Amino acid sequence: MPELPEVEVVRAGLERHVLGAQITAVDVLHPRPVRRDPRGPEGFAAALVGRRLTAARRRGKYFWLALDNGDALLGHLGMSGQMLVQPPQAPPERHLRVRFALSGAAEGRELRFVDQRMFGGLLVSTDGADLPAEIAHIARDPLDPEFDDEDFVRRARRRTSGIKRLLLDQNLISGVGNIYADEALWRARVHGDRPGDRLTGVRLRQVLGEARLVMTDALGQGGTSFDALYVNVNGESGYFDRSLHAYGRAGEPCDRCGAPIRRIAFMNRSSYFCPVCQPAPRRPRRPGQRRSPV
Ligand SMILES: [Zn+2]
């Protein structure tokens, strides 16, 4: 599943390869990826033909291309989506869903949305060039220069949910995802069930800093695909093989203390942690229990 660094690779690739181009034709090969556009597949295409691409932006795991009329082409990669820049004569990919012919700055190139499982999608957001209304509720991500660390710490410290749940709360912080949350918590030596209001500002800043480092590392390693004229995302960057300390390593020794990494169920997914480096909170608090039991 593409995580935020992969989506940032896509955004940067679009910025490099298709900015300034004009969309000359849109071919929707399967209706599902444009299901969230109220115009329907034909209206979706009509709203894009003739438009020029003026910027490539991102909020969390959503990316969008600003259009010269103030609208935006908004996209999400879902579980398996890819945005490819290809020569038009390149054979169609097996799961090609939408193709955009381009002229001008990207003459002789085609933008292609490829998605096997089709949890991702595209829509035209009216007046969405600066920030699409559909995603305005999503918080900034820690790689965003305008992310406010102190505001995150203040808000997290008012919450009784576990820190992992907070890291996955898109209204508080976006783009962290299950893998990066587990890795950040392992690095900060914090158990994911520790409630926000029981963590100090120092600890929360540390967790946030580790999340940012993990994501920056992944971004650096995904960045190699910038140079190709092939903007690709498949969620299987080499990062996952080389650099993970906790995620997916159940039963393997902790890289810090040697204790076996443990896996527990978490919100229909899994959490991985070191039971020694990241001790579980001693007593889950019940509603009405006092903040300080001493
Ligand atoms: Zn350990």
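The values are calculated or read from the model by the stated rules, or taken from the named source; none is laboratory data. Model, not experiment: these values are computed from the prediction. Note that each Cβ is placed from the backbone with ideal geometry, even for glycine, and that neighbours are counted across all protein chains shown. For the accessible areas, the whole protein counts, side chains as well, though only heavy atoms, and no ligand, DNA or RNA atoms are used. Shrake-Rupley method; radii C 1.70, N 1.55, O 1.52, S 1.80 Å.
Quick notes on this one:
- Per residue value of the accessible surface for the chain (all protein chains in place, 1.4 Å probe), Å²: 47 Å²
- Within the shell of other residues whose beta carbon sits under 12 angstrom from the beta carbon of residue 169, the net charge comes to +4, with Lys and Arg scored +1 and Asp and Glu -1.
- Surface accessible to a 1.4 Å probe, residue 255 within the full protein complex, Å²: 90 Å²
- Of the trypsin sites (Lys or Arg not before Pro) found in segment 50-134, those in coil by DSSP whose Cβ has at most 12 other Cβ atoms within 10 Å are 94, 117.
- P(r) of segment 66-198 over all Cα-Cα pairs, binned every 10 Å from zero, in whole percent: 11, 28, 29, 21, 10, 2
- Cut-off under 5 Å, modelled amide H: who pairs with residue 159 long-range: 197
- Extent along principal axes [Cα atoms of the chain; Å; largest to smallest]: 68, 37, 30
- Between residue 137 and residue 280, the contour length at 0.36 nm per residue exceeds the Cα-Cα span by 48.3 nm.
- Using C-alpha pairs below 8 Å separated by at least 6 residues, the relative contact order for the chain is 19 percent.
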